[in-house]
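K.L.:
Pasting in a structure now, in structure tokens, and then I'll have a few things to ask.
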């Protein structure tokens, strides 16, 4: 079976294209799937993570997945970020060191995720961001990563990758899983089987809302990230099943995609030139907390 | 008053990364035990390099389900947190107070009749 891959950018049409590949291959079982890149003139590196959600599902159903007809410029991007190693193609050294390479983590691999961020975010081509910005960014990525480990039930792990765009002063970092999706968790938690993906994502974005079971408060992670993004001038995209949500300082929107994205993907984009110090005007003391 | 008992979080969980619910629960269990015994406790985050809300919800937020605000305020303090992590903890504590004071109706405001199909 040959499936065409279009130009994939980190926007709703890019996610929709990936969901379309998933739709076209949804019944594939012990088959051979060729992802034909001849119509793909550009592939934004961080979108390797959501594409892998489709590939992992296909491989889980014992399909042999291959990539063909990739233009050299696209291939170069995906070899630099080590994505093509999942097809046993050699990596290219990222001499500019602007890539946080594609990597698959097990659900219990929080420590390794930390090592990965330490390794690829220190110095190199990733811009020297202020210490507090780096910390906020890392904390945000951890909140997302941990959400995926807690909620996704993804059997194939968590897929991550990132890319720094020096001219735009932006880093995109993407965390995807091939799990159950936000919809299923929220439907079960609220006992509302009629809920749709957009409503489920909107619910999950509200401070204090969490589907985590047990007698714990929660639901702060995404709110904290939104607060950070608002000040930083960045952007967050949350894609899960048919739902596409985007938040930036200027805009908050949710829309239904035409096809079903097989899992959940969160992309966070930050402005690396941000000089905000993020501290409160008056420092909190221990006795102010409880 | 005697010196508070210090809980060194990084030593207790054996890691500078305060990220997992399991480790948060480990810290919670120690605090719970000591509060029940009427002890004063200082939770030290020295040498912690990464702290996220998930961990704090379990380790500290959960206390508000078992103890009164007065007891927690009287017996607990924290040290070794940077200004922005203090702010994070404040968020967690405020969220926990809200959660336990309003637990049953927490989701009801959002529940409404719907019957969509995708």
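K.L.:
Under 9 Å between Cβ atoms, at least 6 apart or on separate chains: pull out the pairs that start in the range A:273-290 with a residue that is more than 7 Å from every other protein chain (Cβ to nearest Cβ) and over 26 Å from residue B:77 (Cα atoms) and end on any residue that is modelled with pLDDT of 85 or more and not in a loop (DSSP other than H, G, I, E, B).
P.N.:
These pairs meet every condition: A:274/A:231; A:274/A:232; A:276/A:231; A:276/A:232.
K.L.:
Here's a follow-up. From the list B:46, B:22, B:113, exactly one residue is at pLDDT 95 or above and surrounded by fewer than 20 Cβ atoms within 10 Å (Cβ to Cβ). Which is it?
P.N.:
The unique qualifying residue is B:46.
K.L.:
Taking the options B:90, B:77, name whichever one is within 26 Å of residue A:142 (Cα to Cα), facing chain A (nearest Cβ under 8 Å), surrounded by fewer than 23 Cβ atoms within 10 Å (Cβ to Cβ) and in contact (Cβ under 8 Å) with a residue 60 or more places away in the chain.
P.N.:
B:77
K.L.:
All but one of (1) more than 21 Å from residue A:161 (Cα to Cα); (2) within 14 Å of chain B (Cβ to nearest Cβ); (3) touching a strand residue (DSSP E or B) at 6+ places or on another chain (Cβ under 8 Å) hold for residue A:253, so report the exception by its number.
P.N.:
(2)
K.L.:
Kindly list the number of the only condition in (1) buried (at least 20 other Cβ atoms within 10 Å of the Cβ); (2) away from chain B (no Cβ under 14 Å); (3) closer than 25 Å to residue A:120 by Cα that fails for residue A:221.
P.N.:
The single condition residue A:221 does not satisfy is (2).
K.L.:
If you don't mind, there's one more thing I want to ask. Across the range A:152-170, which residue is nearest to the other protein chains (Cβ to nearest Cβ) among those that are within 16 Å of residue A:265 (Cα to Cα) and in a strand (DSSP E or B)?
P.N.:
The selected residue is A:158.
K.L.:
Please verify whether residue A:94 is surrounded by 15 or more Cβ atoms within 10 Å (Cβ to Cβ), free of Cβ contacts under 8 Å to residues at least 60 places away in the same chain, farther than 30 Å from residue B:55 by Cα and touching a helix residue (DSSP H, G or I) at 6+ places or on another chain (Cβ under 6 Å), treating the condition exactly as stated.
P.N.:
Criteria met by residue A:94.
K.L.:
Please verify whether residue A:58 is under 21 Å from residue A:155 (Cα atoms), crowded, with 18+ Cβ neighbours inside 10 Å, modelled with pLDDT of 95 or more and touching a strand residue (DSSP E or B) at 6+ places or on another chain (Cβ under 8 Å), treating the condition exactly as stated.
P.N.:
yes
K.L.:
Take residue A:149 and tell me if it is more than 9 Å from every other protein chain (Cβ to nearest Cβ), touching a strand residue (DSSP E or B) at 6+ places or on another chain (Cβ under 9 Å) and under 23 Å from residue A:107 (Cβ atoms).
P.N.:
When the stated conditions are applied, residue A:149 does not pass them.
K.L.:
Return yes when residue A:177 is over 26 Å from residue A:97 (Cβ atoms) and either facing another protein chain (nearest Cβ under 10 Å) or more than 15 Å from the chain's Cα centre (by Cα) (or both) and no when it is not.
P.N.:
no
K.L.:
Mind listing whichever residues of the range A:1-40 are touching a helix residue (DSSP H, G or I) at 6+ places or on another chain (Cβ under 9 Å), in a helix (DSSP H, G or I) and touching a residue at least 60 places away in the same chain (Cβ under 8 Å)?
P.N.:
Across the range A:1-40, the qualifying residues are A:15, A:18, A:19, A:22.
K.L.:
So if I check each of A:226, A:212, A:188, which one is surrounded by fewer than 20 Cβ atoms within 10 Å (Cβ to Cβ), in contact with a strand residue (DSSP E or B) (Cβ under 8 Å, 6 or more places away or on another chain), modelled with pLDDT under 95 and not in a strand (DSSP E or B)?
P.N.:
A:226
K.L.:
Among the residues of the range A:175-185, which ones are touching a helix residue (DSSP H, G or I) at 6+ places or on another chain (Cβ under 8 Å) and part of a helix (DSSP H, G or I)?
P.N.:
A:182, A:183, A:185
K.L.:
Looking at (1) under 15 Å from the mean Cα position of the chain (by Cα); (2) at pLDDT below 95, which is the only condition residue A:98 fails?
P.N.:
(1)
K.L.:
Sticking with this structure for a sec: Take residue A:111 and decide whether it is assigned to a helix (DSSP H, G or I) and out of contact with any strand residue (DSSP E or B) (no Cβ under 8 Å at 6 or more places or on another chain).
P.N.:
The answer is no for residue A:111.
K.L.:
Quick check on my filter: what residues within the range A:136-174 are over 17 Å from residue A:236 (Cβ atoms), without any contact (Cβ under 8 Å) to a residue 24 or more places away in the chain and touching a helix residue (DSSP H, G or I) at 6+ places or on another chain (Cβ under 7 Å)?
P.N.:
If the condition is that a residue be over 17 Å from residue A:236 (Cβ atoms), without any contact (Cβ under 8 Å) to a residue 24 or more places away in the chain and touching a helix residue (DSSP H, G or I) at 6+ places or on another chain (Cβ under 7 Å), then no residue fits.
K.L.:
Ok, one more. Looking at this structure, is residue A:141 under 30 Å from residue A:230 (Cβ atoms), away from chain B (no Cβ under 14 Å), modelled with pLDDT of 90 or more and buried (at least 20 other Cβ atoms within 10 Å of the Cβ)?
P.N.:
no
K.L.:
Then there's this: Identify, from the list A:202, A:207, the residue that is within 12 Å of another protein chain (Cβ to nearest Cβ) and out of contact with any helix residue (DSSP H, G or I) (no Cβ under 9 Å at 6 or more places or on another chain).
P.N.:
A:202
The values are calculated or read from the model by the stated rules, or taken from the named source; none is laboratory data. Bear in mind the structure is a predicted one, so any value in this text is a computation, not a measurement. Virtual Cβ from ideal backbone geometry, glycine too; neighbours counted across all protein chains shown.
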